[in-house]
Number of protein chains: 2
Amino acid sequence: MYAEHMLGRTYANQNCSVARALEAVGERWSLLIIREALLAGSTRFGDFARSLGIAPNILTSRLDHFVADGLMARQRLSESTEKYEYVLTDKGRALFPTIVALRAWGDEWAAPDGPPTVLEHTECGGEAHQHVTCPACGMDLVLRDIDVRPGPGAKP
Amino acid sequence: MYAEHMLGRTYANQNCSVARALEAVGERWSLLIIREALLAGSTRFGDFARSLGIAPNILTSRLDHFVADGLMARQRLSESTEKYEYVLTDKGRALFPTIVALRAWGDEWAAPDGPPTVLEHTECGGEAHQHVTCPACGMDLVLRDIDVRPGPGAKP
């Protein structure tokens, strides 16, 4: 599972998609900014700063990092202004299931008063849930149902 | 969505299960240690240290934090030894879908040579996938299908 260095100093010997994902979004403010963009639809610097209570220098650094990594695009609000917004790309939006999984864990294990919010399926009013399934047989999977095998990107 | 302070200094104004989940596991080494415990079955200090290349003082601090937060239990290996292992609790194992979701994102967006590993359903050989679904109507959900509503633990 662990081969040559792939991620430089921080994650030497981590040829693993979890490690690579965390390299992009592992610092905890990062996932909160992504949550804010995904679930509250925030795009403006001021909105992120206000909602999260995050220091401006950290927020700037995180947003720049997202733009450089292709998770967000920095777009001018109009031709007549120097104001910008930060819009999730497909790569950024693809973190939706991760945010849903983290939420579900927090709802179950760290919300003594019950879930602060629920994710409602707009069309039918059901409550969104995430699970791990096997598309081959349709079964819902838990950890003990699973083996880790080398994949196409495994290093020899 | 955001009310009174819940998480002390770091996440003031974050009455949100994502924030609370990240409070427990948001520092990026933490999720790699959990991944190692979940997917490689590691329980020993030396195994974590070797596989992750993590500095002993950071690893000690992370494992202590997991034990304090109830994600791992520290167990003596036998009565005749002072050696311990760190075993995931139900609360720790419940991070499995989060790890699967992060892996899936890394496989899709940060694995140019293809997924380093695959999670195989032991019984049938299918490849585990993570989904967000609506249990009420059975639909697979994406971000645009969802509204965020106050939940039972919302603060007035």
### Message
Quick check on my filter: what residues within segment A:129-142 are within 19 Å of the chain's Cα centre (by Cα) and open to solvent by 10 Å² or more (accessible area, probe 1.4 Å)?
### Response
A:HIS129, A:GLN130, A:HIS131
### Task
Out of A:ARG74, A:ARG93, report the one residue that is touching a residue at least 24 places away in the same chain (Cβ under 8 Å), open to solvent by 70 Å² or more (accessible area, probe 1.4 Å) and within 19 Å of the chain's Cα centre (by Cα).
A:ARG93
### Query
Which ones in segment A:89-142 are within 17 Å of B:GLN130 (Cβ to Cβ) and polar (S, T, N, Q)?
A:THR98, A:GLN130, A:THR133
### Residue ID - modelled with the lowest pLDDT, chosen from residues in segment B:105-122 that are open to solvent by 50 Å² or more (accessible area, probe 1.4 Å) and within 7 Å of chain A (Cβ to nearest Cβ)
B:ASP113
### Query
Taking segment B:32-69 on its own, how many of its residues are of a type in the set (D, E, K, R) and open to solvent by less than 50 Å² (accessible area, probe 1.4 Å)?
3
### Query
Restricting segment B:143-156 to residues that are part of a loop (DSSP other than H, G, I, E, B) and surrounded by 13 or more Cβ atoms within 10 Å (Cβ to Cβ), which is farthest from the other protein chains (Cβ to nearest Cβ)?
B:ALA154
#### Entry: Test for A:ARG35: is it facing chain B (nearest Cβ under 8 Å) and either in contact with a His (Cβ under 6 Å, 6 or more places away or on another chain) or under 25 Å from A:THR117 (Cα atoms) (or both)
yes
### Message
Residues to consider are B:SER51, B:SER80; find the one that is without any contact (Cβ under 8 Å) to a residue 12 or more places away in the chain and of a type in the set (Ser, Thr, Tyr).
### Response
B:SER80
### Message
Let me spell it out: the conditions are (1) over 19 Å from the mean Cα position of the chain (by Cα); (2) open to solvent by less than 70 Å² (accessible area, probe 1.4 Å), and B:GLU79 meets all of them except one. Which number is the exception?
### Response
(2)
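The values are calculated or read from the model by the stated rules, or taken from the named source; none is laboratory data. As the structure is a prediction and not an experimental result, all values here were calculated from the model. Virtual Cβ from ideal backbone geometry, glycine too; neighbours counted across all protein chains shown. All accessible areas refer to the heavy atoms of the entire protein, side chains included, with ligands and DNA or RNA removed. Shrake-Rupley method; radii C 1.70, N 1.55, O 1.52, S 1.80 Å.
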